[in-house]
1. Is the stretch 146-167 home to any residue that is of a type in the set (Gly, Ala, Ser), loosely packed, with under 13 Cβ neighbours inside 10 Å and closer than 19 Å to Val73 by Cβ?
2. Taking the residues in the stretch 144-161 that are hydrophobic (A, V, I, L, M, F, W, C) and farther than 19 Å from Pro116 by Cα as candidates, determine which candidate is farthest from the chain's Cα centre (by Cα).
3. Look at Val170 and say whether it is under 17 Å from the mean Cα position of the chain (by Cα) and either buried (at least 20 other Cβ atoms within 10 Å of the Cβ) or among the aliphatic types (A, V, I, L, M) (or both).
4. Going through the stretch 1-18 one residue at a time, which ones are assigned to a loop (DSSP other than H, G, I, E, B) and either closer than 21 Å to Arg121 by Cα or modelled with pLDDT of 90 or more (or both)?
5. For the stretch 55-70, indicate whether the set of residues that are closer than 22 Å to Tyr123 by Cα and aliphatic (A, V, I, L, M) is non-empty.
6. Touching a helix residue (DSSP H, G or I) at 6+ places or on another chain (Cβ under 8 Å), open to solvent by 40 Å² or more (accessible area, probe 1.4 Å) and modelled with pLDDT under 95: does that describe Asn24?
7. Would you mind listing the strands (runs of 3 or more DSSP E) fully within the stretch 29-136 where at least 3 residues are open to solvent by 50 Å² or more (accessible area, probe 1.4 Å) and touching a residue at least 60 places away in the same chain (Cβ under 8 Å)?
Amino acid sequence: MNAIVTDKLCSFEDYLQYDDGTDNRYELVNGKLEIMNPPTIRHLLIADFIRDSLKVEITRKKLPGLCFKEAGVRTGLQKSRVTDICVVLQEQAIDLLDKSAVFQTPPLLVIEVVSPESINRDYRYKRSEYAAADIPEYWIVDPILNKLSVLRLEEGFYEETILTASQTLVSQVFPELTLTVNEVLAAGNIGA
């Protein structure tokens, strides 16, 4: 469970500068710093596989995009989330080269891998915040329930497609991507 670090409100600008001298990662939620639990190994393996696959697709198609792990996305006046993976246009990253990697314009795609402590955060809070931030596509990879949800923004709300087993991902951002749900989830197994 995420712990609130302090009851003192923190501005978005303070959040961008915050450093407690540890390797802890924080999200800004309604002006309060919330520490993020370290991810599980399964979570890391799946995120690495997806990121590697997207980077290959970006290179293959010569797309002007960049794919990042654990970049931040501003989702409100005093809100910022740490994504598992986000895809942005190169021009979005230029101004942040020497600054905190927190995007204040909507990424093309955000992907979250569900861990036991992140179920509500990924399915409920981030879903509504990402929609409000106009992020056009959001994937929720759920190794607990063995499914992958692809959410596309339509008129301010996400329309959800739930995929399982051998179904192939259908992405507007990466229309030629040919990953199946089984391939994505199998990446979370060691020696598979």
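The values are calculated or read from the model by the stated rules, or taken from the named source; none is laboratory data. Treat the numbers as computed from the prediction; the structure is a model and nothing was measured. Using ideal geometry, Cβ is built from the backbone for each residue, glycine included, and neighbour counts are taken over all protein chains shown. Please note that ligands, DNA and RNA were not included when accessible areas were found on the heavy atoms of the full protein model with its side chains. Shrake-Rupley method; radii C 1.70, N 1.55, O 1.52, S 1.80 Å.
1. The first filter runs over the stretch 146-167 and keeps only residues of a type in the set (Gly, Ala, Ser), leaving 149, 156, 165-166.
So of that shortlist, the ones also loosely packed, with under 13 Cβ neighbours inside 10 Å come out as 156, 165-166.
From what's left, closer than 19 Å to Val73 by Cβ: 156.
Yes.
2. First, the residues of the stretch 144-161 that are hydrophobic (A, V, I, L, M, F, W, C): 144-145, 148, 150-151, 153, 157.
Now narrow it down to the ones that are farther than 19 Å from Pro116 by Cα: 150-151, 153, 157.
Details: Val150: 12, Leu151: 13, Leu153: 15, Phe157: 17 Å.
If we take residues in the stretch 144-161 being hydrophobic (A, V, I, L, M, F, W, C) and farther than 19 Å from Pro116 by Cα, then Phe157 is farthest from the chain's Cα centre (by Cα).
3. Numbers: under 17 Å from the mean Cα position of the chain (by Cα): no; either buried (at least 20 other Cβ atoms within 10 Å of the Cβ) or among the aliphatic types (A, V, I, L, M) (or both): yes.
Spelling it out, it is not the case that Val170 is under 17 Å from the mean Cα position of the chain (by Cα) and either buried (at least 20 other Cβ atoms within 10 Å of the Cβ) or among the aliphatic types (A, V, I, L, M) (or both).
4. Step one: filter the stretch 1-18 for residues assigned to a loop (DSSP other than H, G, I, E, B), giving 1-3, 5-11, 18.
Matches in the stretch 1-18: Met1, Asn2, Ala3, Val5, Thr6, Asp7, Leu9, Cys10, Ser11, Tyr18.
5. No.
6. Working: touching a helix residue (DSSP H, G or I) at 6+ places or on another chain (Cβ under 8 Å): no; open to solvent by 40 Å² or more (accessible area, probe 1.4 Å): yes; modelled with pLDDT under 95: yes.
In short, no.
7. Numbers: elements: 32-35, 65-69, 72-76, 79-82, 85-89, 109-113.
In the stretch 29-136, there are no strands (runs of 3 or more DSSP E) which contain 3 or more residues that are open to solvent by 50 Å² or more (accessible area, probe 1.4 Å) and touching a residue at least 60 places away in the same chain (Cβ under 8 Å).
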